[in-house]
Amino acid sequence: MTGQSYDFIVVGGGLAGAAISYYLTLQKQSVLLLEARTLCSGSSGACAGRAQIFESESESYLDLVLAGFSKLESLGPELGCDLEWETPGHLSLIRDAENWETCSQKVSWLKRRNVPAELLSQDQLRKEVPILKAESFLGAAFAHEGHLSPFHLCMGYLNAARRQGAKIRIDSPVTGFQRTSGRVTGVCTPENTYSGAQVIVAGGAWTRELLAMTGFELPVCFTHAEAMITEKLPPILSHHIGMTGFYDVVHGGNQSVTLGLGQHLNGTVLISNAIQNSTEIDQNSTFWGMPALARALKQYFPIFEGVRIMRTWAAPSPFLPDYAPAIGWVPGIDNLFVAAGFHLAVPTIPLFCEDIAKSVGIGRLVERLIPFSPQRFGVGIQEEA
Ligand SMILES: Cc1cc2nc3c(=O)[nH]c(=O)nc-3n(C[C@H](O)[C@H](O)[C@H](O)COP(=O)(O)OP(=O)(O)OC[C@H]3O[C@@H](n4cnc5c(N)ncnc54)[C@H](O)[C@@H]3O)c2cc1C
């Protein structure tokens, strides 16, 4: 056991672990963050950076998303870095009458909250996106939306946390937890065992295996999601564009493509997602995914024929079976907290992680987090024999 004890040990150096560490250091807590590999190397390093609003499935979740979204504009100056924040808006392409109905309902939710949103006919869509084969769609729903660099956000949080005293250890995979009397007393890595008054597991898709080390089964699921990025191109897209029914497609079939495109400020176009159901974490691009994504792109945006692809990547995209995050104390272990399975991660992480730092400070979940407690998935854990 190392001599020093921390107020908090945070496990995982992705967006969630980074943001939690930052908000804890704002409260003058001492923090040690342990990351198995390099910082932002999990799902956060694969993220397309969309601060999605339109994909909120319920009005109550939309309100949380909007509350988080409103923090993003001032977050770069707060963290002292350029997040490459912009608000290009999003066009959800509508294929059929059922999609139209769902989109029309979401547009009315947004309008009621004074968020810019409207339905576009096929003709309006053609004028808005001349490079799209608009005849393949009934029209589209436009909604306000933002975009940032997930690397800048993650490193912005981590650098600010470090400036405020947090210690960050990379290449430090957590391999076990020592427990006594319903508490974690040590967090083990191959090199050291660390002690902290409270431990927060923010391991994304790896959270299930991390918590299994304590005996708690949190049903964190994930899909294998693939994306790619083009060479720099002249401005061709002024909005993010995506197919409707993203989550239906993602969670419905075994292998599917749901096209999403956005042009970055530097001219590159990020194209996602080839999705595959998966039970094993694998961060390799697949033989089916990239060709399938390229075919879908060419079908709807012929202009991309011959454009060079600079990089492809893949990562698990984590979620809980009810598509709500798991945030709260692990039942049966007083000082072990989990924060994983963020749905619409970019807009919600700043909100939820600030709430997490408040909650662990006062020893109970703030009201907004109560519905997300992992207690909904199980009862207490038996003490180790
Ligand atoms: C292709 C793709 C595109 C996406 N696009 C978007 C988007 O546009 N907008 C959006 O909001 N969301 C998007 N997402 C989802 C979003 O990226 C994730 O929800 C989010 O990054 C999860 O952050 P996290 O910190 O919880 O997990 P992660 O970023 O995965 O962080 C977990 C960390 O824990 C570390 N770890 C694992 N095991 C251990 C261990 N034993 N010890 C120590 N550390 C460990 C991992 O190495 C990892 O760094 C996308 C996901 C994918 C895959």
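Can you find a residue in region 85-98 that is surrounded by 18 or more Cβ atoms within 10 Å (Cβ to Cβ) and among the hydroxyl-bearing types (Ser, Thr, Tyr)?
Yes: region 85-98 contains one or more residues that are surrounded by 18 or more Cβ atoms within 10 Å (Cβ to Cβ) and among the hydroxyl-bearing types (Ser, Thr, Tyr).
Only residues that are within 14 Å of the ligand (Cβ to nearest atom) and among the aliphatic types (A, V, I, L, M): list them for region 139-160, please.
148, 153, 155, 158
Being in contact with a helix residue (DSSP H, G or I) (Cβ under 7 Å, 6 or more places away or on another chain) and in a loop (DSSP other than H, G, I, E, B) is the filter here, so list the residues in region 73-114 that pass it.
Within region 73-114, 80, 81, 82, 83, 84, 85, 113 meet the criteria.
Within 12 Å of the ligand (Cβ to nearest atom), surrounded by fewer than 18 Cβ atoms within 10 Å (Cβ to Cβ), touching a residue at least 60 places away in the same chain (Cβ under 8 Å) and not assigned by TED's automatic domain parsing to the domain that holds residue 349 - does that describe any residue in region 286-299? Reasoning before the result, please.
Of all residues in region 286-299, those within 12 Å of the ligand (Cβ to nearest atom) come to 289, 293.
If we keep only those that are surrounded by fewer than 18 Cβ atoms within 10 Å (Cβ to Cβ) as well, we get none.
Looking through region 286-299, none of the residues is within 12 Å of the ligand (Cβ to nearest atom), surrounded by fewer than 18 Cβ atoms within 10 Å (Cβ to Cβ), touching a residue at least 60 places away in the same chain (Cβ under 8 Å) and not assigned by TED's automatic domain parsing to the domain that holds residue 349.
Which residues, taken from region 23-53, are away from the ligand (no atom under 12 Å from the Cβ) and either at pLDDT below 95 or assigned to a loop (DSSP other than H, G, I, E, B) (or both)?
27, 28, 29, 30
Checking the conditions here, which among 334, 282 is under 27 Å from residue 22 (Cβ atoms), of a type in the set (Asp, Glu) and touching a residue at least 24 places away in the same chain (Cβ under 8 Å)?
Result: 334 is the single residue among 334, 282 that is under 27 Å from residue 22 (Cβ atoms), of a type in the set (Asp, Glu) and touching a residue at least 24 places away in the same chain (Cβ under 8 Å).
Looking at region 300-323, which of the residues that are of a type in the set (D, E, K, R) and within 16 Å of the ligand (Cβ to nearest atom) is surrounded by the fewest Cβ atoms within 10 Å (Cβ to Cβ)?
Let us first name the residues in region 300-323 that are of a type in the set (D, E, K, R), namely 305, 308, 311, 322.
Remaining after also requiring within 16 Å of the ligand (Cβ to nearest atom): 311, 322.
Details: 311: 11, 322: 14.
In this case the residue turns out to be 311.
Please give the number of the condition residue 189 fails out of (1) in the same structural domain as residue 304 (by TED's automatic domain parsing); (2) near the ligand (Cβ under 10 Å from one of its atoms).
Residue 189 satisfies every listed condition except (1).
For region 118-162, which residues satisfy the criterion of being more than 28 Å from residue 295 (Cα to Cα) and without any contact (Cβ under 8 Å) to a residue 12 or more places away in the chain?
Result: 162, single match.
The values are calculated or read from the model by the stated rules, or taken from the named source; none is laboratory data. None of the values given here were measured: they were computed from a predicted structure. In this analysis, Cβ positions are derived from the backbone assuming ideal geometry, glycine residues included, and neighbour counts consider all displayed protein chains.
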